[in-house]
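The block underneath contains the structure these notes are about, expressed in structure tokens.
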Amino acid sequence: MLAKELWALVGSGGQPVNGDGDQVRVWGVLLTPCVSDSCFLASSFIREDLGSTSLVSVVIANPKMSDIEKSSIEPKGIPNEKLEHGLDVTEHVDLNTNLQARIINPLEGIPREQLMRDVEAFVEEKGLQEHVANFRKGALVAQNPAGFEDIDGPEALDEVEKQALRDEILHKWRLPWKLYLTIVTCSVGAAVQGWDQTGSNGATLFFPDYYGIGSDSTRDKILVGLVNAGPYIGCAVIGCWLSDPFNNWIGRRGTIFLAAHFCIWPVIGSAFSHTYAQQISNRLLMGIGMGLKASTVPIFAAENAPAAVRGALVMSWQMWTAFGIFLGTAINLAVYYNVNNWRLMLGAPFIPAVPLVLLIFFCPESPRWLMKKNRYAQAYKSLTVLRHHPIQVARDMYSVHAQLTIEHEIMNDSNYVTRFIQLFTIPRVRRATYAAFTVMIAQQLCGINIIAFYSSTVFEQAGFTQFQALLASFGFGAVNWLFAFPAFWTIDTFGRRSLLLFTFPQMTWTLLAAGLSTLIPMGNPARLGLVALFVFLFAAFYSPGEGPVPFTYSAEVFPLSHREVGMGFAVATCLGWAAVLGITFPFILERLGTVGAFGLYAGFNVLAFVMIFFLVPETKQRTLEELDYVFAVPTSRFASYQFTEVLPWWFKRWVFFQRNAEVRPLYQQDDVRRVKH
């Protein structure tokens with residue numbers, strides 16, 4: 001019966017047609033049940049299209065399947081085109097509508113003999129013939145990562161190769177020194193971001209009077225806000241949007257090198273600016289570099305890091321940003337009594353950009369970027385210094401290649417404008433855009449930048465002297481940096497989403513408490529202590545949660561085809577709203593007072609919590625390629641799952657303390673299914 005139905009599906013009467021309307025002939029069908037019994041793999045039949053003959057395999061739905069089940073086995077790519085050279089069409093999950101929330105290996109279902117032929121064609125085309133033995137083994141490991149111990153035949157792994165793969169799990173922090181150098185080099189540049197915030201934080205107490213904009217008039221408040229927000233305006237309007245073309249032209253390393261120069265010379269120029277117009281111009285130029293760097297560095301780190309520790313390594317961006325904030329507050333204190341104190345505060349942030357310019361030359365280029373540019377030989381050389389053993393190199397390269405081929409056929413060739421439009425039109429990319437936007441806007445809604453920009457001003461209005469205000473800001477910087485360290489362990493164990501959902505309620509009550517503490521009479525010593533205490537607690541909850549997650553998350557959620565423009569959009573969202581805060585907060589503080597301003601941002605924290613709960617999927621310990629399937633789950637399906645499954649479970653577990661409460665997992669990890677002819 002099924003054989004007849006198969007003939008009906010492919011055409012009967014000797015005149016079936018393919019997707020292009022060309023006549024084809026098929027015969028020699030062999031039906032093999034899939035593991036789930038929901039479909040059959042029809043293999044070893046011949047197709048003739050306009051005189052060409054090829055061996056293909058297709059998945060035929062069981063007639064008893066539901067519509068949802070059938071939707072999960074639509075063929076990948078374009079009709080009559082193979083996913084990669086020699087790779088046949090097999091079962092897959094639709095990357096735009098993954099209704100079953102399945103995580104599937106793109107190499108799944110390919111018979112071993114066919115996979116080996118694919119490898120031969122792959123190394124021949126990419127100029128990697130000398131590594132064919134490694135790629136034969138690596139492809140089998142990539143096809144079934146958990147079954148590397150059981151590979152037999154000529155591709156069986158030796159003990160050294162097996163141990164290298166075991167160590168990835170047992171000793172995940174045992175990484176090559178070049179990988180550590182890459183992460184440290186990139187992260188040092190992040191210190192510019194934090195240092196500048198605190199440089200202007202302290203300088204705001206002094207430069208308005210020098211530039212003649214220190215009055216309470218609306219004009220002067222706007223000008224002070226523009227000086228503070230200048231770098232973020234430059235980021236959001238220019239810098240972030242240059243990330244895609246510059247990454248495309250000169251690569252990750254070249255873009256970081258260029259960005260570093262914009263973080264040196266304009267910063268030095270700001271220390272010598274004699275008018276507010278000069279100051280704003282320099283800070284806008286610095287913003288271009290900050291936007292390029294903030295859009296590229298997390299991607300560079302994410303693409304080089306193994307999945308097991310990717311979150312921890314990428315979050316070093318935030319840790320070093322926090323370190324920059326800490327150094328900035330320390331420098332502000334150190335130069336307080338200098339006659340040119342505010343100039344030194346604004347000029348000092350160029351320091352961490354200098355080693356960035358020098359050390360980036362010693363870092364390997366991103367292998368994924370090189371593969372995107374079809375420079376596979378260079379990608380192999382680059383990945384060799386980022387992994388311990390050639391078997392890891394071959395596995396990662398072949399796995400990435402398989403997924404890139406799928407992405408390319410789904411996304412098709414595009415230019416900068418179409419890639420930006422596709423952020424909102426291609427369902428899989430649109431969901432990543434929503435999620436990245438949410439975590440980035442949440443960083444501004446939480447209120448961290450009102451403290452990073454204006455903590456000295458806030459503390460001064462709370463009754464501190466200028467020096468005490470700078471000292472309290474130094475305490476904020478120290479707490480912000482020190483509490484970033486736990487995220488190295490928690491971001492890849494508890495996960496990105498869990499950290500956000502835990503820390504946002506804590507930031508809400510600490511901000512509200514800090515604002516209410518200002519209602520204590522001015523002469524009461526408890527007033528100053530409580531304001532400082534709750535601001536420090538706010539920083540302690542921010543640093544391991546909303547601090548590291550946004551840039552880590554945004555760097556990993558987009559497919560490689562849209563990673564640069566997607567990250568540019570995410571960073572522009574974050575820093576653009578930082579600019580809005582920098583300009584508007586003096587007015588908010590004047591109109592609402594400290595308690596009203598802090599209460600407003602406490603409310604924003606609640607809004608951010610709700611947005612994260614319904615729009616941000618978990619990404620921990622997934623490869624960048626597996627995330628394609630995570631973001632193929634429709635937003636409505638994800639939000640419904642949170643409301644109908646997770647929320648009731650949370651109340652049962654943490655309100656009613658039902659220890660046996662369980663929640664059904666949303667995602668299903670499909671095992672590799674080997675189908676032999």
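No value in this document is a laboratory result; all are computed from the given coordinates. Note that the coordinates shown come from a computational prediction; the quantities given were computed from them, not determined experimentally. FYI the Cβ positions are ideal-geometry reconstructions off the backbone, even for glycines, and counts take in every protein chain you see.
Look at the Cα gyration tensor of region 134-220: its axes a ≥ b ≥ c give a/c of at least 1.5 with a/b over b/c, and that counts as prolate.
Computed from the C-beta positions of Leu181 and Ala146, the FRET efficiency with R₀ = 22 Å rounds to 0.10. What the Cβ-Cβ distance of Gln129 and Leu482 gives, at R0 = 60 Å and to the nearest 0.05, is a FRET efficiency of 0.70. Counting every other Cβ atom within 10 Å of each residue's Cβ, Phe323, Phe536 order from fewest to most as Phe536, Phe323.
Working ranking of peptides 430-443, 231-244, 175-188 by packing, defined as the average number of other Cβ atoms within 10 Å per residue, highest first, is 231-244, 430-443, 175-188.
Since only Met397, Phe459, Asn340 are under comparison, the one whose Cα sits farthest along the positive direction of the charge dipole of region 332-464, derived from C-beta charges on Lys, Arg, Asp and Glu, is Met397. Sorted ascending by nearby beta carbons within 10 Å, beginning with the fewest, Ser517, Ser498, Ser455 become Ser498, Ser517, Ser455. Here is the result for region 500-574: no GluC sites (Glu not before Pro) lie in DSSP coil with at most 15 other C-beta atoms within 10 angstrom of their C-beta.
Here the residues Phe598, Phe361, Phe494, ranked from fewest to most Cβ neighbours within 10 Å of their Cβ, fall in the order Phe361, Phe494, Phe598. Once the Cβ-Cβ distance of Val339 and Thr275 is raised to the sixth power relative to R0 = 22 Å, the FRET efficiency obtained is 0.70.
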